[in-house]
Amino acid sequence: QLQLQESGPGLVKPSETLSLTCTVSGGSINSSSYYWGWIRQPPGKGLEWIGSFYYSGTTYYNPSLKSRVTISVDTSKNHFSLKLSSVTAADTAVYYCATVGRTSTYYGMDVWGQGTTVTVSS
Amino acid sequence: QSALTQPPSASGSPGQSVTISCTGTSSDVGGYNFVSWYQQHPGTAPKLMIYEVTKRPSGVPDRFSGSKSGNTASLTVSGLQAEDEADYYCSSYAGSNNLVFGGGTKVTVL
């Protein structure tokens, strides 16, 4: 059974870079069945898609965050990462990783990590 | 791309039905049959309830159904149960492998 787990610092200083990792277990990140995505949710607010990637290396980013976001993959460790630069308090949120259906459940996010809270504060 | 528009709240009594709308544009909801719906209980990750406008993942009760007309998609929960009280979010493919969410709707079971 495919499972995702986010990890990374819970506290990041303003203007620094937020770095998170999503570890995939029970399946391969090289699967053609999925894109792999990052989604965030500020406290008390709704969901925001940050970006997705396909294991071949193609990445897709939310236009509103594109200048600050990098998603990368380490297939040897079966995990993928999110970097968000120049963070401000507005980037404080729960960050989720999730699968995005590519060959079934098209563009539905079927498997989610439990989420990790990141606070931006000095 | 702008967030999809959902009503902030909806409610119904147990056994009744509630319908949530999700309005976008011809560049997202109206342009593709890739609308999904998610249920989120407090403190938990979202759960996929509907994908490709009308399809239910395995294990999702058939009380949950989806539809679309033009630029507006809808989620209907029939036979409301206490455990259906949650936040619901729609999402849509928006072209070029971009995705967009709605602002969310809090469903209250009276």
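The values are calculated or read from the model by the stated rules, or taken from the named source; none is laboratory data. Keep in mind that what you see is a predicted model, and the values were worked out from it rather than measured. Neighbour counts run over all protein chains shown; Cβ positions are idealised from the backbone, glycine included. Side chains included, ligands, DNA and RNA excluded: accessible areas come from the protein's heavy atoms. Shrake-Rupley method; radii C 1.70, N 1.55, O 1.52, S 1.80 Å.
Some notes on this structure:
- Taken about its Cα centre, the protein assembly as shown carries a charge dipole of roughly 280 debye when the Cβ of each Lys and Arg holds +1 and the Cβ of each Asp and Glu holds -1.
- Each of B:Val18, A:Trp49, A:Met109 was placed along the dipole of the protein assembly as shown (beta-carbon charges, centred on the mean Cα), and the one lying farthest toward the positive end is A:Trp49.
- The Cα atoms of the protein assembly as shown cover 48, 39, 34 Å along the three principal axes, with the biggest extent listed first.
- Buried area at the A:B interface is about 1800 square angstrom, summed over both chains, from accessible surfaces computed with a 1.4 angstrom probe.
- Within the same chain, lysines fewer than 8 places from B:Lys68 are excluded, and of the rest, those with a Cα less than 26 Å from its Cα are A:Lys45, B:Lys47, B:Lys55, B:Lys106.
- Relative contact order, percent, chain A [alpha-carbon distance under 8 Å, six or more residues apart]: 36 percent
- The simple spin-label model puts a point 7 Å past each Cα toward its Cβ; for A:Lys83 and A:Gln3 those points are separated by 2.9 nm.
- These residues, A:Tyr96, A:Tyr106, go from largest to smallest accessible area, 1.4 Å probe, as A:Tyr106, A:Tyr96.
- B:Asp28, B:Asp62, reordered so the largest accessible area comes first (probe 1.4 Å): B:Asp62, B:Asp28
- Percent of beta bridges antiparallel (DSSP, the protein assembly as shown, rounded to nearest 5): 90 percent
- Only Lys, Arg, Asp and Glu carry charge here, each on its Cβ (+1 for the first two, -1 for the last two); on that basis chain B has a dipole of about 120 debye about its Cα centre.
- For B:Leu99, net neighbour charge (Lys/Arg +1, Asp/Glu -1) across residues whose Cβ lies under 12 Å away: -2
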